[in-house]
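Chemist: Dropping the structure in here first, questions after.
The values are calculated or read from the model by the stated rules, or taken from the named source; none is laboratory data. Note that the coordinates shown come from a computational prediction; the quantities given were computed from them, not determined experimentally. Cβ coordinates were reconstructed from backbone atoms using ideal geometry, including for glycine residues, and neighbour counts include every protein chain displayed. Heavy atoms of the whole protein, side chains included, go into the accessibility calculation; ligands, DNA and RNA do not. Shrake-Rupley method; radii C 1.70, N 1.55, O 1.52, S 1.80 Å.
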Amino acid sequence: MAVLINEQIKASEVMLTGLNGEKIGIVSREEALAMARSKGMDLVCTSLMSSPPPCSLVAKGKGKSLAQKETGTRKASGSNMAGKSSKEKVKELRFTAHIEEHDYDTKLRQADKHLRSGKPVQLVVKSSGAKEAAAAKAVVERLLVDLKEAGMKETGIQTGGKGSQVKLNPISKQKQTVYTE
């Protein structure tokens, strides 16, 4: 598995962990690189399979060896869970960058229904190339605004050449009742 260090990381947002294992949260790639540089450290991405990718601040020069050890231990502990399925199935809803208004409304209602029933939703907006990437991101941002009462984003908006995507988790029932009172 490839380990990415500093400028090799291409994601727009990363899930950052500090030197002592403290969770810093989702920050932009530029902010994470600036933190690493200011502290004289390396920014190491250990997995490209999640969105946003998990990255850690590590001592300068130690990045690659530590990251390889971490991925090795993660693989070993993951093999013990092979028979158990603890992850909930995520409903994926696909859109196009130039979606018609009535189609948008229909898919928006579907996403809202899933979120209100307590299920996470993955919103994927496909574009036919880099020229439509801005339109795809705009659709995702509009969806986030329209669904803010039913769900909150787990990940940042992931943008690539073929489109944009974001994962929303349902807001708990307790939080929904607090807003209505």
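Chemist: Once the other residues with Cβ under 10 Å from the Cβ of G151 are scored (Lys, Arg +1; Asp, Glu -1), what is the net sum?
Modeler: Cβ neighbours under 10 Å give a net charge of +2.
Chemist: What is the spin-label model distance, in nm, from M152 to A59 if the labels are put 7 Å beyond Cα along the C-beta direction?
Modeler: Label-label distance for M152 and A59, simple model: 3.7 nm.
Chemist: Further, regarding this structure: Take V145 and I24, extend 7 Å from each Cα along the Cα→Cβ direction, and tell me the distance between the two endpoints in nm.
Modeler: Output for this residue pair reads 3.0 nm.
Chemist: Can you sort E132, E30 by solvent-accessible area, 1.4 Å probe, largest first?
Modeler: E30, E132
Chemist: In addition: With each label point set 7 Å from Cα along the Cα-Cβ vector, what nm distance links Q110 and A130?
Modeler: Each label point is offset 7 Å from its Cα along the Cβ direction, giving 3.1 nm.
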